[in-house]
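Step one of this worksheet: look at the structure below.
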Amino acid sequence: MTEALFETEINDFLRYLQSEKQLSPRTQESYRRDLGKLQQFCLDYQLTDLARLDGQHIRQFIALLHRKGLSGRSLQRTLSGVRTFFNYLLKTGKATINPTQGISAPKSAKPLPKTLDVDQVDQLLGIRGDDWLSVRDRAIFELFYSSGLRLSELTDLNLTDIDLQAHAVRVTGKGSKTRELPIGRYARDAIKKWLAIRDQEKIIDHQALFLSKQGKRLNPRTVQQRLKHYSLKQGMDNPINPHMLRHSFASHMLESSSDLRAVQELLGHANISTTQVYTHLDYQHLAKVYDKAHPRAQRKKDSHDLE
């Protein structure tokens, strides 16, 4: 047995990719690396006959790569390469089954949403100016953070959706489902100031709560650009997007209340599993507090430490 296990079949496959599929040398090399992993696996487990490879072997192969630390994306690419290889073997009569059929690679863990701490929110929302645009933008950003709205939910708001007397806003979310959300004091004050000067510019869309300079309903892209503009103007370390304000709202609510169901309702999540991502953020916050406060949270390193 040599390192060149299945080398003939793999070389034939690579020539097929070059002549028939006309794939680039870089793509061919990517296939070569992925199939090299399969070669090594088969060598280690003494699997010398391609025709005897089955789904269980492929699952073991992918599981082994996963334990070695390959990312979900790399695993998916490797599995795709092996699947294409076996499809070629089927086409040329060198295999009777494709053992990768019905097998999927583990997905990469979704990154946790980025959030702002309370001081950063105060820094961002400290917008000065009494001009039309500044007052409008301050009302938009305060409402984002106050009620945890999605970008589309905010731009879809009409004047009739706001009830300042009841301190509430009616939001139409995904699936055309509506929900009533509270509006905080800072957001109410900012919206009152906006409504007082909203009519100073021309109006085309009389229903829309937030308008562009042209008098039309505000475009979501414009909101993103304005938030980016102010985040840099206010000296934030990185540009801020609307989702970060929504995430910050959810994280801060959960830190204070620990009521996951309530946060789910406020965010308009159909499934609580979607909301549970914020419990990880909350844990990170608690872990930092613990590390700083608990007398035995951290031990001093000394010369006896191995690492």
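Just so it is clear, none of the values below were taken in a lab; they were calculated from the coordinates. Values in this document were obtained by computation on a predicted structure and should not be read as measured data. Note that each Cβ is placed from the backbone with ideal geometry, even for glycine, and that neighbours are counted across all protein chains shown.
Odds and ends about this structure:
- Nonlocal amide H pairs with residue 168, under 5 Å, H built at 1.01 Å: 163, 183
- Residues in region 84-90 carry Karplus couplings, in order, of 5, 4, 6, 4, 5, 5, 5 Hz; the curve used is 6.51 cos²θ - 1.76 cosθ + 1.60 with θ = phi - 60°, and Gly or Pro positions show x.
- 3J(HN,Hα) couplings calculated from phi for region 18-35 with the Karplus curve 6.51 cos²θ - 1.76 cosθ + 1.60 (θ = phi - 60°) are, in sequence order, 6, 7, 8, 8, 6, 7, 5, x, 5, 5, 4, 5, 5, 4, 4, 5, 5, 6 Hz; Gly and Pro show x.
- Listed pairs 174/216; 192/233; 68/174 exceeding 30 Å between Cα atoms: 68/174
- Nonlocal amide H pairs with residue 173, under 5 Å, H built at 1.01 Å: 178, 179
- Distance between region 15-49 and region 150-204 - C-alpha centres, whole angstrom: 57
- FRET efficiency for residue 54 and residue 238, using Cβ-Cβ distance with R0 set to 35 Å, rounded to 0.05: 0.10
- In terms of surrounding Cβ atoms within a 10 Å radius of their Cβ, 138, 150 rank from fewest to most as 150, 138.
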